[in-house]
Amino acid sequence: MTSAAPAAPPAASTDLGFGLAFVRQSLAIAEVEVRKLSRDPTELLTRAVQPALWLVVFGQVFTRVRAIPTGELSYIEFMAPGVLAQSVLFSAIFFGIAAIWERDLGIIHKLLVSPAYRGALVMGKALSAGLRGLTQAVIVYLLAVVMGVHLRLSPPALLGVAAIVMLGSALFATFSLIVACIVKTRERFMGIGQVLTMPLFFASNAIYPLSIMPPWLQAVARANPLTYLVDALRGLMVRGGHGVFGTGPDVAVQAGVFGLLLAVAARLYPGLVR
């Protein structure tokens with residue numbers, strides 16, 4: 001009499017094990033990336049230069065000119081969330097070049113032969129980009145306070161901004177990894193990164209409202225993930241500020257785009273070494 005075959009593990013138990021392993025592996029990759037930042041703190045200072053220039057020079061001039069209608073907000077208050085979103089975009093969009101460096105150093109080869117899920121490798125890098133984005137938020141908040149911007153400093157508002165910044169950073173960092181997987185060389189990546197950042201920034205509501213854009217540019221802006229990042233920040237960050245779409249839809253759009261990009265990046269990531 002033959003013994004019965006062992007029963008298959010319950011699906012719920014299998015899913016739980018996969019979820020825990022995915023989270024653990026993602027956090028391990030994120031920890032490695034954050035250690036790199038802690039060993040080069042001067043990077044934080046260099047990242048403060050660009051938002052300082054935008055707030056101090058561009059913001060001050062256009063506040064005096066009053067050429068752009070911003071409702072009850074002064075122009076610099078209207079602009080502060082856009083500057084934060086810009087800082088997030090500019091720091092995250094070049095995240096993929098680090099992956100190319102890691103390929104050249106052989107680090108990616110070691111990661112890909114490990115039993116880690118490919119999605120966890122990408123998610124870990126996205127999480128580390130989110131933490132870098134938080135440092136950008138601290139810098140912009142300090143600059144905004146010095147410039148007299150009336151910020152919402154309640155715990156719910158600060159937590160909301162932190163969550164939105166992390167989501168936006170993860171989104172654009174994942175997009176950057178996809179570009180790195182496609183172009184595969186540092187020279188091409190730098191060229192494409194430069195080409196992408198300006199259109200993404202100027203075809204958004206970062207420095208002027210959607211209402212004054214021509215219809216074709218409004219359509220482009222509504223398809224731009226940066227628009228929803230700025231919209232959410234404007235509603236949470238500044239006193240008297242409010243978003244056009246609402247925080248819920250802003251988060252839903254960004255989360256949906258991030259999920260799609262994460263799936264694409266996880267599929268393309270092994271191809272970076274070829």
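The values are calculated or read from the model by the stated rules, or taken from the named source; none is laboratory data. It should be emphasised that the depicted structure is a prediction, and the values quoted were computed from it without experimental measurement. In this analysis, Cβ positions are derived from the backbone assuming ideal geometry, glycine residues included, and neighbour counts consider all displayed protein chains.
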query = out of contact with any Lys or Arg (no Cβ under 9 Å at 6 or more places or on another chain), among the hydrophobic types (A, V, I, L, M, F, W, C) and surrounded by 18 or more Cβ atoms within 10 Å (Cβ to Cβ), is that true of Phe90?
reply = no
ask   = Any residue at all in region 201-208 that is more than 24 Å from Leu159 (Cβ to Cβ) and over 19 Å from the mean Cα position of the chain (by Cα)?
value = yes
ask   = From the list Val57, Val49, which residue is modelled with pLDDT of 70 or more, exposed (fewer than 15 other Cβ atoms within 10 Å of the Cβ), under 20 Å from the mean Cα position of the chain (by Cα) and of a type in the set (A, V, I, L, M, F, W, C)?
value = Val49
message = Return the residues of region 67-84 that are modelled with pLDDT of 70 or more and surrounded by fewer than 17 Cβ atoms within 10 Å (Cβ to Cβ); say none if nothing qualifies.
response = Ile68, Pro69, Gly71, Glu72
ask   = Wholly within region 88-197, which helices (runs of 4 or more DSSP H) include no fewer than the required count, namely at least 2 residues that are closer than 20 Å to Phe78 by Cα?
value = 118-146, 155-183
task = Please work out which residue is nearest to Ala180 (Cα to Cα), limiting yourself to region 213-270 and to residues that are charged (D, E, K, R) and in a helix (DSSP H, G or I).
result = Arg267
ask   = What number of residues within region 85-116 are within 13 Å of Gln50 (Cα to Cα) and at pLDDT 85 or above?
value = 6
